[in-house]
Amino acid sequence: MTSRQTDALARLRPAYGIEIADLDGPVDPAAFFGRGAPVVLEIGSGMGDATAAMAAADPDRDYLAVEVHTPGIANLLDLVQRHGLGNVRVAQGDALDLVRAMPERCLDAVHVFFPDPWPKSRHHKRRIIQPEHVALLRSRLAGGGTLHCATDWAEYAESMRSTLTADPELVDVHGGYAPRPAHRPVTKFERRALTAGRPVFDLLHRRR
């Protein structure tokens with residue numbers, strides 16, 4: 001980590017950070033923010049640039065970002081302070097463990113942007129978008145809440161589409177791949193994918 005990130009982690013984690021492994025019992029995500037605003041769960045926030053940009057443009061909702069890598073968490077914490085983002089909290093650990101601790105219908109949206117595609121067939125079971133995980137994520141969405149996924153891996157995109165469409169409680173908003181939404185910022189990762197000639201696929205499903 002850079003010295004800036006190390007400093008941000010030390011100073012800001014007590015106020016804005018959450019250790020998933022330390023949580024004990026049920027979790028109300030709204031309690032992390034101290035208000036009753038709708039909550040967006042960001043699974044795999046990376047370095048946090050996209051999360052920070054979306055939260056800044058959407059102050060009426062709260063953003064709960066989950067990441068495993070410490071440099072990304074530190075970078076997002078730094079962005080939170082630099083941009084005065086009181087509607088962001090940053091959790092470290094397994095996102096599914098956090099979701100399992102939440103009550104049903106507590107989230108306004110779930111974002112899964114550019115998750116690890118685990119391209120080898122023997123590793124597909126590690127993918128986050130698979131039937132049992134989708135059922136869990138959907139159960140935490142309020143009625144009308146959205147599950148938004150994006151990937152630059154074509155085979156994974158098809159698998160995602162099949163899995164999401166098969167869930168009886170999710171409605172495919174666009175009847176297939178969604179137009180690129182303006183609210184999802186272009187990240188450095190996405191630019192690299194586009195430069196390499198890999199198209200990006202968005203999928204947007206709404207809970208009934």
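Of everything in region 41-77, what is hydroxyl-bearing (S, T, Y) and either in contact with a Lys or Arg (Cβ under 6 Å, 6 or more places away or on another chain) or modelled with pLDDT under 95 (or both)? Give them in sequence order.
none
Contact list please: Cβ distance under 6 Å, first residue in region 1-15 and closer than 12 Å to G72 by Cα, second residue charged (D, E, K, R) and open to solvent by 70 Å² or more (accessible area, probe 1.4 Å), pairs at least six apart or on different chains.
If the second residue must be charged (D, E, K, R) and open to solvent by 70 Å² or more (accessible area, probe 1.4 Å), no pairs are left.
Might you check whether a residue that is in contact (Cβ under 8 Å) with a residue 60 or more places away in the chain, surrounded by 12 or more Cβ atoms within 10 Å (Cβ to Cβ) and of a type in the set (A, V, I, L, M, F, W, C) occurs anywhere in region 144-152?
yes
Which count do you get for residues in region 132-173 that are part of a helix (DSSP H, G or I) and either within 23 Å of V40 (Cβ to Cβ) or of a type in the set (D, E) (or both)?
Of the residues in that region, 17 qualify.
Can you give me the number of residues within region 188-206 that are under 27 Å from R140 (Cα atoms) and either in a loop (DSSP other than H, G, I, E, B) or open to solvent by 20 Å² or more (accessible area, probe 1.4 Å) (or both)?
4
Among the numbered conditions (1) without any contact (Cβ under 8 Å) to a residue 40 or more places away in the chain; (2) of a type outside the set (D, E, K, R); (3) under 24 Å from H148 (Cβ atoms); (4) part of a helix (DSSP H, G or I), tell me where A65 comes up short.
All conditions pass for A65, except number (4).
Select from region 74-99 the residues that are under 15 Å from the mean Cα position of the chain (by Cα) and either over 11 Å from G48 (Cβ atoms) or free of Cβ contacts under 8 Å to residues at least 60 places away in the same chain (or both) and list them in ascending order.
L76, N87, R89, A91, Q92, G93, D94, A95, L96, D97, L98, V99
Condition check: assigned to a helix (DSSP H, G or I) and either open to solvent by less than 50 Å² (accessible area, probe 1.4 Å) or in contact with a helix residue (DSSP H, G or I) (Cβ under 6 Å, 6 or more places away or on another chain) (or both). Does A31 satisfy that?
So A31 does not fit the description; no.
How about region 51-69: which of its residues are open to solvent by 20 Å² or more (accessible area, probe 1.4 Å), out of contact with any Leu (no Cβ under 7 Å at 6 or more places or on another chain) and not charged (D, E, K, R)?
Hits for region 51-69 are A53, A57, P59, V68, H69.
So for region 39-51 (the condition being part of a loop (DSSP other than H, G, I, E, B) and more than 26 Å from M160 (Cβ to Cβ)), does at least one residue qualify?
Looking through region 39-51, none of the residues is part of a loop (DSSP other than H, G, I, E, B) and more than 26 Å from M160 (Cβ to Cβ).
With respect to Q5, determine if the residue is more than 26 Å from R100 (Cα to Cα) and open to solvent by 20 Å² or more (accessible area, probe 1.4 Å).
no
What's the total number of residues in region 97-123 that are open to solvent by 20 Å² or more (accessible area, probe 1.4 Å) and in a helix (DSSP H, G or I)?
5
The values are calculated or read from the model by the stated rules, or taken from the named source; none is laboratory data. Nothing here was measured: the structure is a model prediction, and the numbers come from that model. Cβ coordinates were reconstructed from backbone atoms using ideal geometry, including for glycine residues, and neighbour counts include every protein chain displayed. With ligands, DNA and RNA removed, areas are computed over all heavy atoms of the protein, side chains included. Shrake-Rupley method; radii C 1.70, N 1.55, O 1.52, S 1.80 Å.
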